[in-house]
Amino acid sequence: MVGTQWSNVSSTYCKDMASSVYRPHSVTITEFGAVGDGVTLNTKAFQNAIFYLNSFADKGGAQLFVPAGRWLTGSFSLISHLTLSLDKDAEIIGSPDSSDWPVIDPLPSYGRGRELPGKRHQSLIFGTNLTDVIITGANGTIDGQGAIWWDWFHSNTLNYTRPHLVELMYSTDVVISNLTFKNSPFWNIHPVYCSQVLVQHVTILAPLNSPNTDGIDPDSSTNVCIDHCYVRNGDDVIVIKSGWDEYGISFARPSTNISISNITGETRGGAGIAFGSEMSGGISEVRAEGLRIVNSMHGIRIKTAPGRGGYVKNVYISDVSMDNVSMAIRITGNFGEHPDDKYDRNALPMISNITIENVVGVNVGVAGILEGIEGDNFSSICLSNVSLSVQSMHPWNCSLIEGYSNSVIPESCEQLRTDCGQTPICYDGGSSSAIHAQAARHRLSSASRLLNPLLKLAML
């Protein structure tokens, strides 16, 4: 099951993404008047430095180096063929003044700001229509100072949707690596309408009670690799999206070919890995392996609703450990609000070919709640070699779903009790969705797999 065409494809495009590129031209932010005292606003310095470096875009590109210090700034935009590199003791910190975060148009696949109708604030580090962009460092820090934004959210005093820490739109050949992201006002890393994206060796931190501080959100993007990351935040650790209701259906840009590996996550308000609920452009060909999820609300979650349309299909999740997770697996067919009242209530999502195998969980509250939609059963949901130490007397609750299971403890719900070893329709992460599951090949070799998932992408 593991050595299939899709795994070969995923490892190929991940390996092809260079995590570093030599830049023949380099400047330091202090050359443009920046002061790293944590008080001086350096927005103009960042903007002027990047404007200057644009002249080198066709000469091999350039690097903007941020040395040790605390560099207060508002939002600034990147250019193509640029490396933004932080010293290990450098901190780029977001301004607490909302006027330093410009207001921009909503995403076309969302039709409005995600939180409020109308426009939205631009991310701290932003870019659109770029190629060959690297954001990296020796584990330097990008701190959004999000607490003031969280207060505005809780007090309902926001005028526009909160900004992300990093958002790149319509861009290709993007690398984000070796950095710590802290206290994002909203989502942390948001590649949207992008391709060839690598997020690697990244730490993301926010208080466990911070609102909507998603970790990494590939959105209507293709060929995305997320590898060796640690996330502790207030919402989903990694969540794949593709647009919202009629706007996502019309924009029709799916998220596909996404590889996720070697992730450790902790979230009080979300899931270790999630899909949706904005998935109207479609999500497919996702392979996630080597996930460790601790002290969290959900382990694995799919979120959708009538009106979303789209699909989540051909998803393979394996080598997962959970400790102190309230609910190991949740599939929800009636989740979330709608952008407006113009959505098509008959636009039903297709959820199919979801395989979850080689899972160990201890201190788990409920094994799973798996709920489809009336008239729209979710199909080919396959569980194999799942062992959960569950506290609830009613470990599974399933409705309006169809699928298969093999070697599941506690015994899965009735809708999944056909042995996937006897049927050819459990998705294996390959290019074909119909294979024979062979549970004997996937037994956990030892308890050590709980802490050390064996399957890893090649180090880049």
Worksheet item: What ranking do 74-84, 178-188 get when scored by the average of other Cβ atoms within 10 Å per residue, highest first?
Response: 178-188, 74-84
Worksheet item: Taking a probe of 1.4 angstrom, what is the accessible area of Cys398 in Å², to the nearest 10?
Response: 20
Worksheet item: Under the definition of Cα pairs under 8 Å and six or more residues apart, what whole-number percent is the relative contact order of the chain?
Response: 10
Practice prompt. Report the extension gain between Asp105 and Leu400 in nm, rounded to one decimal, defined as 0.36 nm multiplied by the number of residues separating them, less their alpha carbon distance.
Written response: 102.3 nm
Worksheet item: What nm value, rounded to one decimal, do you get for the distance between Ser250 and Gln391 when each label is placed 7 Å out toward the C-beta?
Response: 4.6
Practice prompt. Would you mind checking which residues have amide H under 5 Å from Val231's amide H? H placed 1.01 Å from N; only 5 or more apart, or other chain.
Written response: Ile204, Thr264, Gly265, Glu266
Response to the item:
Each label sits 7 Å from Cα toward the beta-carbon; between Thr40 and Leu116 the label points are separated, in nm, by 3.3
Worksheet entry | Solvent-accessible area, 1.4 Å probe, carbon plus sulfur percent, for the chain | 50
Item to complete: Please arrange Ile425, Ile189, Ile104 by accessible surface area, largest first, computed with a 1.4 Å probe and ligands excluded.
Response: Ile425, Ile104, Ile189
Item to complete: Hey, can you grab everything whose amide H is under 5 Å from the amide H of Arg253? Only 5+ residues off in sequence or another chain; H modelled, so Pro and N-termini drop out.
Response: none
Worksheet item: How large is ³J(HN,Hα), in whole Hz, for each residue of region 388-398 in order, when computed from phi with the Karplus curve 6.51 cos²θ - 1.76 cosθ + 1.60 and θ = phi - 60°, using x for Gly and Pro?
Response: 10, 8, 10, 8, 6, 6, 10, x, 10, 9, 10
Worksheet entry | Mean Cβ neighbour count within 10 Å, used as a protection proxy, ranking 57-67, 206-216, 299-309 highest first | 299-309, 206-216, 57-67
Worksheet item: Ranked highest first by the average count of other Cβ atoms within 10 Å around their residues, in what order do 141-148, 326-333 fall?
Response: 326-333, 141-148
Worksheet item: Under 13 Å from the Cα of Lys15, which aspartates and glutamates turn up, not counting those fewer than eight places away in the same chain?
Response: Asp173, Asp227
Worksheet entry | Over region 89-196: Rg over Rh, Cα atoms, Kirkwood Rh | 0.97
Worksheet item: Can you work out the FRET efficiency for the pair Ala57 and Ser19, with r the C-beta to C-beta distance and R0 = 25 Å, to the nearest 0.05?
Response: 0.80
Response to the item:
Largest-first semi-axes in Å of the equivalent ellipsoid built from the Cα gyration tensor of region 348-422 are 21, 14, 10
Fill in: Theoretical gain in end-to-end length, Asp340 to Ala138 [0.36 nm per residue, Cα-Cα removed]
68.3 nm
Worksheet item: What Kirkwood radius, in Å to one decimal, follows from the Cα pairs of the chain?
Response: 22.3
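The values are calculated or read from the model by the stated rules, or taken from the named source; none is laboratory data. Small disclaimer: the values here were computed from a predicted structure and weren't measured. Here the Cβ is made from the backbone with ideal geometry for all residues, glycine too, and neighbour counts use every protein chain on show. Note: accessible area is taken over every heavy atom of the protein model, side chains too, but ligands, DNA and RNA are not part of it. Shrake-Rupley method; radii C 1.70, N 1.55, O 1.52, S 1.80 Å.
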